[in-house]
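Visitor: Please see the structure below; I have some questions.
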Amino acid sequence: MSESKYFDKIAWSVTAIILIITILFMNGPALGIEVMASTMGYENRLFDNTRVHTIDIVMNNWEEFIDNASSEEYYTATVVIDGEAYKNVAIRGKGNTSLSNVASMNSDRYSFKVEFDHYDSSITYHGLDKLALNNLIQDATMMKDYLTYTMMNEFDAASPLCSFAYITVNGEDWGLYLAVEGVEDSFLERNYGTSYGELYKPDSTGFGGGRGNGKDFNIEDFVNNEKPAIDSEQGMPMPDRESFDPSSTFSANVPAMSSFDPSQMQGNAPQIPDMTQGESNSENGDRFSFGGKGGFGGMGSSDVKLQYVDDNISSYSNIWNNAKTDVTEADQIRLIESLKKLSEGDQIESVVDVEKVMRYFVVHNYVCNGDSYTGSMIHNYYLYEEDGKMAMIPWDYNLAYGTFQGGNGQSTVNTPIDSPVSNANGEDRPMWNWIVQNEEYTQQYHRYFTEFLNTVDVQGIINDAYNLIKSYVERDPTAFYTYEEFENGVEALRQFCSLRSNSIALQLENGETTNNTNYSDASSLNISNMGSMGMGLNDRNKNTESTENNFDKSKDFTSPQNANVSQDMENIGVEPSFEKNSDTEDPEQSTKQPFTDREQTQKRSFNSFNVNADEMNNSQSGEGLWLIVSFSVLIIGLIIAKVYKH
């Protein structure tokens, strides 16, 4: 009897321990136990940014693909990354306005999206499911996106990884691109663990947010305020172009829109008006709201601003329609409740990841991006939500550093860090406004800004990137800018960042962070030298023939001079998509770096995401720690129970 009693106690104890561990394992985040982010494996491979990587796209119907790129239809390709081949991969043209801009410039240099798992869910690049290849349009520096993402990562804001990649097509030079980690499943698992939450990219149906959106957008129509096709009941209609008087809308003197070129503005460029005048949907009766709840897309819809409208799920269509994860009705209701608390300024720490969002806004407000959540367009950001708590994830900074408008840098360089919203007050953007509405949060934000200025070596990032890519830029056959324009752009970027850092330091020192000051003299800085929104659509077609002259789309890839590509594909296990010729050149030729004489530059190590194999194994083993412990306790308990029983 005594032995049986002990056996029962042991059995019940083991059961209780297993239940407790199981509860902790399954409900750790809800109980305040931080989820360990995953190390995927691709971080220190393709996104090792101490070198320029090589990506060869192998397709036998490349010409057809390029001719159809603006449709964003998927094509099948083999992608070879630094010598590793991935067959049966999907590729399509990518972009919002850039698709139409490239086409209007008579260029073939589109951005691309590569989906490793599109046709076969088992295929990834060392855990990476989606990859963006950005064409660096409107960026004479070739590094505005790169600099911003790198600063975000160094400052511990959740941000995509990126690196420079030189692209070849069927072995022929195509150009220098920026490889960017897709903000999808792999990104979420890397940053938030396997049990991640929901992801959205709030945007309008006309200006991006998903495949097919924005391809019909014309930059000239926007600059010229072309009349949008909207129902007058949805908001204030725009005037006809012929009868439109810019001086009645802008506060500054503006040239005739037919000849407007932002890059030629030498004074303070006129602010693009916030196209949101109309009916308000909140208590702020004087707030603009072009189109009310649905409105004219991202330029004023309350949901894209992350404002609380009401409890109706249908009032947030610009969020749901651009969900990147599978969203349930319960997810929608939970997010609406979070937006309500956010707009009311109530229980902020329960609905906002305070530290991550502050760190995001520190870097975001440093780079002055008018093509963003705080700008007139109100897009180009991801919203992450988990258990009711929200965070911001950055995206698309090729028009940052004031280049959304361009012109003289005086005003932009001295933009107050507490007043970053274009043509509106902070109350119009609740995800930002909570920071400046509470003195404690404002001071914390200022401390983070001081930390950023003291710890992130902005000039070092610029100089290392410049030394790394300059020889590639010089020989890029499809680049939108000349090498001289690249040099001028990088110098302008250096000046902007130096002056911006000085201005912010003095703003913080003197407590003048709300109103525009003139702490830095940027009167001689032409921001447009970095590449701007009107990058030549009106008065230049530079490099129009560059792609056609330097890359022959109709070239016979079975010819002897290209047979080495076929041979190399076979060497790495890829079945070539074109016939192999026996008269081959040196079989090692096609695997060489495009520029063997590039300068050896000082290597920069970003510890935030460059990990070695030991760290990878530790992270992966740590992720399954709870499961191992649970099984161990179970086995030990069963062994003890068996011993006592006998």
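The values are calculated or read from the model by the stated rules, or taken from the named source; none is laboratory data. These figures come from a predicted structure and were not determined experimentally. Cβ placement follows ideal geometry from the backbone for every residue including glycine, while neighbour counts extend to all protein chains displayed. Note: accessible area is taken over every heavy atom of the protein model, side chains too, but ligands, DNA and RNA are not part of it. Shrake-Rupley method; radii C 1.70, N 1.55, O 1.52, S 1.80 Å.
Visitor: Considering only residues of segment 87-106 that are open to solvent by 30 Å² or more (accessible area, probe 1.4 Å) and either of a type in the set (Val, Ile, Thr) or assigned to a strand (DSSP E or B) (or both), which is farthest from Thr39 (Cα to Cα)?
Guide: Thr97
Visitor: When segment 292-320 is examined, which residues are found to be farther than 19 Å from Trp434 by Cα, at pLDDT 95 or above and in a loop (DSSP other than H, G, I, E, B)?
Guide: Across segment 292-320, the qualifying residues are Asp310, Asp311, Asn312.
Yes/no per residue for (1) touching a residue at least 12 places away in the same chain (Cβ under 8 Å); (2) surrounded by fewer than 18 Cβ atoms within 10 Å (Cβ to Cβ); (3) among the basic types (Lys, Arg); (4) in a strand (DSSP E or B):
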residue: Gly41; (1), (2), (3), (4): yes, no, no, no
residue: Arg51; (1), (2), (3), (4): yes, yes, yes, no
residue: Asp56; (1), (2), (3), (4): yes, no, no, yes
residue: Glu63; (1), (2), (3), (4): yes, yes, no, no
residue: Ile66; (1), (2), (3), (4): yes, no, no, no
residue: Ser70; (1), (2), (3), (4): yes, yes, no, no
residue: Glu73; (1), (2), (3), (4): yes, yes, no, no
residue: Ala77; (1), (2), (3), (4): yes, no, no, yes
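Visitor: May I pose another question? Just a yes or no: is a residue in segment 107-122 in a strand (DSSP E or B), open to solvent by 20 Å² or more (accessible area, probe 1.4 Å) and in contact with a helix residue (DSSP H, G or I) (Cβ under 7 Å, 6 or more places away or on another chain)?
Guide: Residues of segment 107-122 in a strand (DSSP E or B): 111-115.
From what is left, the residues that are open to solvent by 20 Å² or more (accessible area, probe 1.4 Å) are 113.
Checking the rest, the ones that are also in contact with a helix residue (DSSP H, G or I) (Cβ under 7 Å, 6 or more places away or on another chain) come to none.
No, that holds for no residue.
Visitor: Next up: So which of Arg429, Arg359 ends up being among the basic types (Lys, Arg), touching a residue at least 24 places away in the same chain (Cβ under 8 Å) and open to solvent by 10 Å² or more (accessible area, probe 1.4 Å)?
Guide: Values: Arg429 fails: open to solvent by 10 Å² or more (accessible area, probe 1.4 Å).
Matching residue, one of Arg429, Arg359: Arg359.
Visitor: Does at least one position in segment 450-457 carry a residue that is more than 24 Å from Ala165 (Cβ to Cβ), in contact (Cβ under 8 Å) with a residue 40 or more places away in the chain and either aromatic (Phe, Trp, Tyr) or in contact with a Pro (Cβ under 9 Å, 6 or more places away or on another chain) (or both)?
Guide: Within segment 450-457 (the criterion being more than 24 Å from Ala165 (Cβ to Cβ), in contact (Cβ under 8 Å) with a residue 40 or more places away in the chain and either aromatic (Phe, Trp, Tyr) or in contact with a Pro (Cβ under 9 Å, 6 or more places away or on another chain) (or both)), the answer is yes, since at least one residue qualifies.
Visitor: Going residue by residue through segment 464-484, is there one that turns out to be over 30 Å from Gly171 (Cβ atoms) and assigned to a helix (DSSP H, G or I)?
Guide: The first filter runs over segment 464-484 and keeps only residues over 30 Å from Gly171 (Cβ atoms), leaving none.
No, every residue in segment 464-484 fails to be over 30 Å from Gly171 (Cβ atoms) and assigned to a helix (DSSP H, G or I).
Visitor: I would also like to ask the following. Name the residues in segment 121-157 that are of a type in the set (D, E, K, R) and either in contact with a strand residue (DSSP E or B) (Cβ under 8 Å, 6 or more places away or on another chain) or modelled with pLDDT under 95 (or both), would you?
Guide: Looking only at segment 121-157, we keep the residues that are of a type in the set (D, E, K, R), and these are 129-130, 139, 144-145, 154, 156.
Matches in segment 121-157: Asp129, Lys130, Asp145.
Visitor: Residue by residue through segment 169-189, note down the ones that are in a loop (DSSP other than H, G, I, E, B) and more than 20 Å from Thr124 (Cβ to Cβ). Please lay out each step first, then the result.
Guide: Applying the first criterion (in a loop (DSSP other than H, G, I, E, B)) to segment 169-189 yields 170-171, 182-184.
Within segment 169-189, Asn170, Gly171 meet the criteria.
Visitor: Does Val327 meet the test of being surrounded by 14 or more Cβ atoms within 10 Å (Cβ to Cβ) and in a helix (DSSP H, G or I)? Before you say what the answer is, go through the steps one by one.
Guide: Details: surrounded by 14 or more Cβ atoms within 10 Å (Cβ to Cβ): yes; in a helix (DSSP H, G or I): no.
Considered against the rule, which asks whether it is surrounded by 14 or more Cβ atoms within 10 Å (Cβ to Cβ) and in a helix (DSSP H, G or I), Val327 comes out as no.
Visitor: Next question, about the same structure. Here is a list: Val473, Val490. Which entry is touching a helix residue (DSSP H, G or I) at 6+ places or on another chain (Cβ under 6 Å), farther than 23 Å from Tyr366 by Cβ and surrounded by 22 or more Cβ atoms within 10 Å (Cβ to Cβ)? Step through it out loud before you land on a result.
Guide: On the way: Val490 fails: farther than 23 Å from Tyr366 by Cβ.
Step by step, each of Val473, Val490 is checked, and only Val473 is touching a helix residue (DSSP H, G or I) at 6+ places or on another chain (Cβ under 6 Å), farther than 23 Å from Tyr366 by Cβ and surrounded by 22 or more Cβ atoms within 10 Å (Cβ to Cβ).
Visitor: Specify the residue that is farthest from Ala179 (Cα to Cα); the eligible residues are those in segment 79-97 that are touching a residue at least 40 places away in the same chain (Cβ under 8 Å) and among the polar types (S, T, N, Q).
Guide: Checked segment 79-97; the qualifying residue farthest from Ala179 (Cα to Cα) is Thr97.
Visitor: Which residues, taken from segment 413-445, are more than 20 Å from Leu499 (Cα to Cα) and small (Gly, Ala, Ser)?
Guide: Ser422, Ala424, Gly426
Visitor: Now, a different point. Residue pairs, Cβ under 8 Å, 6 or more apart or interchain, first in segment 403-424 and within 16 Å of Thr513 (Cβ to Cβ), second among the aromatic types (Phe, Trp, Tyr) and open to solvent by 30 Å² or more (accessible area, probe 1.4 Å). List them.
Guide: Taking only residues 6 or more apart or on different chains, the pairs are Asn414/Tyr519.
Visitor: Does segment 347-355 contain any residue that is under 24 Å from Asp185 (Cα atoms) and not aliphatic (A, V, I, L, M)?
Guide: Within segment 347-355, the first condition is being under 24 Å from Asp185 (Cα atoms), and the residues that meet it are 351-355.
Those still in the list that are not aliphatic (A, V, I, L, M) too: 353, 355.
Yes, segment 347-355 contains at least one residue that is under 24 Å from Asp185 (Cα atoms) and not aliphatic (A, V, I, L, M).
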